[in-house]
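To keep things clear, I will list the structure first and then write my remarks on it.
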Amino acid sequence: MEFVNIEEVKTEGSFVKAICFKPKTAPIICMIIGVLLLVLRNIYTIILGAFFIIMAFLVLKFVEDYKVMDIFDKGIMFYGDKECRSACFIPFEQIRMWSIKREDGHDLVEFELENGEKIGRDTFEADKAYRALYVLIKEKEDKYITAEKNKDRPLSIPDALENIKSYFGIKK
């Protein structure tokens, strides 16, 4: 996949959702909780409320925000840099599978293309991306694909017990 100048990117379909790096709702909710805790007038709740307000303010002030992708109803535009000067558009037909992975305090929205190439973006708005992608291309989600493969397979307790025994090295 090749990133080109943003003016040269040809998108298809209508715009659905922009996915950015920085969280927006969580700091605002933390600030509201902090203010509510200050109202309780207990020294511990005041300290906790001040902590929530300070942390929310620090996130809003110092965490850099930039677009990581735009979701259209026919594909996804990935941005190549924080300044959004380069991008590439990938139609849904070229996507084999997508998933949301939670790793070490951040979320990764990852796509596997038909040619085997993978592209992923870190974001704190992975839930927003999941909701939009599930509506548009749920049949390409990794969990959906796995569930479809296993839907006709019966649940077997003896098979599960054998798997557990082999995992722990227990012989018959």
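Every number in this text was worked out from the coordinates using simple rules, so none of it is lab data. Computed from a predicted structure; not experimentally measured. Glycine also receives a Cβ, built like all others from the backbone with ideal geometry; neighbour counts cover every protein chain displayed.
What ³J(HN,Hα) values, in whole Hz, does the Karplus curve 6.51 cos²θ - 1.76 cosθ + 1.60 give for region 69-80 when θ = phi - 60°, with x put for Gly and Pro?
6, 10, 9, 10, 6, 10, x, 10, 9, 9, 8, x
Would you mind computing, in nm to one decimal, how far apart the modelled labels at Asp142 and Glu117 are, each placed 7 Å from Cα along Cα→Cβ?
2.0 nm
List the residues, sorted by chain then number, that are 5 or more residues from Arg96 or on another chain and whose placed amide H is less than 5 Å from its amide H.
Amide H to amide H, under 5 Å and 5 or more residues apart or across chains, Arg96 pairs with Glu112, Leu113, Glu114.
Under the Karplus relation 6.51 cos²θ - 1.76 cosθ + 1.60, θ = phi - 60°, what is the ordered set of whole-Hz ³J(HN,Hα) values for region 12-29, x standing for Gly and Pro?
Along region 12-29, the couplings run 10, x, 9, 5, 10, 7, 9, 10, 10, 7, 7, x, 10, 7, 4, x, 5, 5 Hz.
Quick one: compute the contact order of the chain, relative version, from alpha carbon pairs under 8 angstrom and 6+ residues apart, as a percent.
22 percent
Once you sort the root eigenvalues of the Cα gyration tensor of region 1-142 as a ≥ b ≥ c, which label holds: rounded (a/c under 1.5), prolate (a/b larger than b/c) or oblate (the other case)?
Verdict is prolate for region 1-142.
Counting other Cβ atoms within 10 Å, keep those with at most 10, restrict to DSSP loop, and tell me which chymotrypsin sites (Phe, Trp or Tyr not before Pro) in region 81-131 are left.
none
Using 7 Å Cα-to-Cβ label points, what is the Ile33/Thr45 separation (nm, one decimal)?
Reported label-point gap for Ile33 and Thr45 is 1.5 nm.
Output ³J(HN,Hα) for region 58-64: one whole-Hz value per residue in order, computed from phi by the Karplus curve 6.51 cos²θ - 1.76 cosθ + 1.60 with θ = phi - 60°, and x for Gly and Pro.
In residue order, the calculated couplings are 4, 5, 5, 7, 10, 7, 6 Hz.
Tell me, which longest segment in the chain has none of the GluC sites (Glu not before Pro) that fall in DSSP loops with at most 15 further Cβ atoms within 10 Å?
In short, 118-172.
Would you mind pulling out the separation of the Cα centroids of region 15-36 and region 103-118, in Å?
One Cα centre to the other: 23 Å.
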